[in-house]
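Asker: To start, I am sharing the structure in question, which I have written as structure tokens.
The values are calculated or read from the model by the stated rules, or taken from the named source; none is laboratory data. On a predicted model such as this, the values are computed, not experimentally measured, just so you know. Note: ideal-geometry Cβ built from the backbone for every residue, glycine included; neighbour counts use all protein chains shown.
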Amino acid sequence: MRRLVLILAVLGVIATGCGGGDDISIDGEWARNSPMRADRGAVYMNIESSDGDRLLSASVDPSISASVEVHETVPAQGETNEDGMAMMVMQEVQAIELPAGETVVLEPGGLHIMLIDIAAPLEIGEKFDLTLDFETAGEMVLEVEVREEAP
Ligand SMILES: [Cu+2]
């Protein structure tokens, strides 16, 4: 299902007189327990911004996890495994850039939203609300389902 969310900052438009609304479109959202850490979960999705925007942060109810970070997965500096492959590590990013009209993919092994200190293991089929905070579009609440793999 493709979810088109129109976030027209109506009050902002009235207050400032400028029509700078940004449309954020999200699909393919899903969540799972982190394969690496039992106390973490990860959320993935495809995001597209009509006019260009930045995803600044995300949050969930404390009954799901204590905190939420936006992460990227990158090769660890100078570290390789026994096959000579670069070891991958996750690190927090300040924001995810959303160039106008481009689909940005959050997926395993790449960008993702990390639930830190989950309250309980995420059960397949469970759904929870994730709040996304965009620089221009503002806050948006997305219902995310826990799945074994991407929808
Ligand atoms: Cu992570």
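Asker: Checking the condition of a type outside the set (A, V, I, L, M, F, W, C), over 18 Å from the mean Cα position of the chain (by Cα) and under 25 Å from ALA137 (Cβ atoms), which residue from ASP61, ASP51, ASP22 passes?
Answerer: When all the criteria are applied, what remains is ASP51.
Asker: Yes or no: region 78-97 includes at least one residue that is hydroxyl-bearing (Ser, Thr, Tyr) and farther than 15 Å from TYR44 by Cβ.
Answerer: Step one: filter region 78-97 for residues hydroxyl-bearing (Ser, Thr, Tyr), giving 80.
Now restrict to residues that are farther than 15 Å from TYR44 by Cβ: 80.
Checked against the condition, which is being hydroxyl-bearing (Ser, Thr, Tyr) and farther than 15 Å from TYR44 by Cβ, region 78-97 yields at least one hit.
Asker: Oh, and also: I need a count of the residues in region 42-57 that are within 16 Å of the ligand (Cβ to nearest atom) and buried (at least 18 other Cβ atoms within 10 Å of the Cβ).
Answerer: 5
Residue-wise test of (1) at pLDDT below 95; (2) buried (at least 18 other Cβ atoms within 10 Å of the Cβ); (3) small (Gly, Ala, Ser).
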position: LEU11; (1), (2), (3): yes, no, no
position: GLY21; (1), (2), (3): yes, no, yes
position: ALA31; (1), (2), (3): no, yes, yes
position: ARG40; (1), (2), (3): no, yes, no
position: SER63; (1), (2), (3): no, no, yes
position: VAL74; (1), (2), (3): yes, no, no
position: GLY84; (1), (2), (3): yes, no, yes
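Asker: While we're on this one: Quick one: which strands (runs of 3 or more DSSP E) lie wholly within region 71-151 and hold at least 2 residues that are within 13 Å of the ligand (Cβ to nearest atom)?
Answerer: Per the criteria, 86-92, 112-118.
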